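Data first, discussion second: the structure below is written as structure tokens.
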Amino acid sequence: YEAKQQHVRVLVYRAGDDEHHLRQVGLMGLLRYALELQQFRLVFQPKIDLASRRVVHVEALLRWTTPEYGDVTPDEFIPLAERSGMIRAITRHVVDEALRQAAPWIADGLIEGVAVNLSPMDLVDGDLPEYVSQRLQMHGVSSRSLVLEVTEHTVMRDLEAARTTMHRLREQGVRLSIDDFGTGHSSLAQLRSLPVDEIKIDKSFVADLGDGSGDAVIVRSAIEIGHNMGLKVIAEGVEGQASLAILEALNCDMVQGYLFSRPLPPDAFVDWCTRFQREQADA
Ligand code: C2E
Ligand code: MG
Ligand code: MG
Ligand code: MG
């Protein structure tokens, strides 16, 4: 009986595995046509400065919906895009779209800039800095108004390539942020060798900060490290008032999270942001 049970378990496991594999293959095939079919759209989440209580930047986050699979999260499709080489085209699309959509918001003074996420392969794409510069010009956005977020893992995967690309972007005036800070294994020396403006503390350390189970010690030291290096520090995944209070007490510069706003479609973001900025001005 036990042997039979084990056998069943093995079969179930294999079936699950196959299903996962089938899904990956299916998604990979669809990803090829996703740009052409205009299945991507951007949502926008505010990055708020704590001292001024103003939305400074907005992060553009990619969404993909297919008739076959419904909504697919970026945590699932970005790695597939990396593997298939589609990421190059996708990143360019996101840079272009984010700048196009945010340009009037920046021109109107609603926000100062827009942030876009990069993937590991983007940092070995030697033509990316040139593309970015061309799009900035085309949309009439100052390079100081673009933040590119690169995860600590991405940087550490090929430190030399990352450093080269990041320096070229920095020379143009683009700002750079280390995303998901604390989840990679960069040393301080490595971090200091990169032209970075901001570190973004990963949400896994921020989530439960308020109830005492979160990593207050890690958050505190990340903020100290950032400040000692002359960087701005932002905490992502801020969901509760208690977490916010702790981050303020620890002198964190900026926050981002559901407590303020979920990532929103462009129109909803403009409405939310206009109201938020006005309320802060009146307060
Ligand atoms: P990320 O850049 O670290 O973005 C933060 C993620 O946390 C986003 O998930 C956001 O929706 C979510 N988030 C924001 N506030 C909260 C909160 O208070 N609580 C919780 N639990 N989550 C919160 P999303 O949009 O699913 O994106 C996941 C990841 O996929 C991103 O992590 C980023 O690494 C990647 N990604 C998203 N869009 C793009 C893109 O256009 N290009 C590339 N290369 N990567 C992207
Ligand atoms: Mg990010
Ligand atoms: Mg992050
Ligand atoms: Mg992340």
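The values are calculated or read from the model by the stated rules, or taken from the named source; none is laboratory data. Note that this is a predicted model, so its numbers are computed, not measured. In this analysis, Cβ positions are derived from the backbone assuming ideal geometry, glycine residues included, and neighbour counts consider all displayed protein chains. For accessibility, only protein heavy atoms count, side chains too; no ligands or nucleic acids. Shrake-Rupley method; radii C 1.70, N 1.55, O 1.52, S 1.80 Å.
Overview of values
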quantity	calculated
Beta bridge orientation in the chain: antiparallel %, DSSP, nearest 5	40
Under the Debye formula (equal points on every Cα, no solvent term), log10 I(q)/I(0) of the chain at q = 0.07, 0.16 Å⁻¹	-0.29, -1.33
Inter-site label distance for residue 75 and residue 39 at 7 Å from Cα along Cβ, in nm	2.1
Mean residue ellipticity (222 nm) of the chain, computed from DSSP H runs ≥ 4 via -39,500 (n - 2.57), nearest 500	-16000 deg cm²/dmol
Relative contact order computed over the chain (Cα-Cα under 8 Å; 6+ residues apart), in percent	17
Heavy-atom accessible area ranking, 1.4 Å probe, most first, across 69, 131	69, 131
Loop-resident sites, segment 236-283, for chymotrypsin sites (Phe, Trp or Tyr not before Pro), counting at most 13 other Cβ within 10 Å (DSSP)	258
Viscosity 1.567 mPa s, 4 °C: Kirkwood-radius Stokes-Einstein D of segment 7-129 over Cα pairs, µm²/s	78
Förster radius 22 Å - calculated FRET efficiency between residue 50 and residue 197, Cβ distance, rounded to 0.05	0.85
Segment 129-283, relative contact order [Cα under 8 Å, separation at least 6], %	16
Cα gyration tensor shape of segment 109-164, rounded if a/c is under 1.5, else prolate or oblate by comparing a/b with b/c	oblate
Dipole of segment 12-112, positive direction: furthest Cα of 73, 61, 50, with charges on the beta-carbon	50
Check: segment 32-140 dipole with +1 on Lys, Arg Cβ and -1 on Asp, Glu Cβ, in debye	200
Antiparallel %, DSSP beta bridges [both residues in segment 27-133], to 5	80
Three-way shape call for segment 134-282 based on the alpha-carbon gyration tensor, with the a/c threshold at 1.5	oblate
Dipole magnitude of the chain about its Cα centre (Cβ charges: Lys, Arg +1; Asp, Glu -1), debye to nearest 20	320
Accessible surface, per residue, of segment 63-156 when the full set of protein chains is kept, probe 1.4 Å, Å²	41
Candidates 87, 218, 234, ranked by Gaussian network fluctuation over the chain, Cα under 10 Å, top entry	218
Residue with peak Gaussian network fluctuation, the chain [Cα springs, cutoff 10 Å], from 117, 228, 251	228
Global form of segment 242-283, assessed from the alpha-carbon gyration tensor, a/c cut-off 1.5	oblate
Segment 42-189, relative contact order in percent, only Cα pairs under 8 angstrom and at least six apart counted	19
For the chain, built as a Gaussian network whose Cα springs stay under 10 Å, the top-fluctuating residue of 49, 108, 96	108
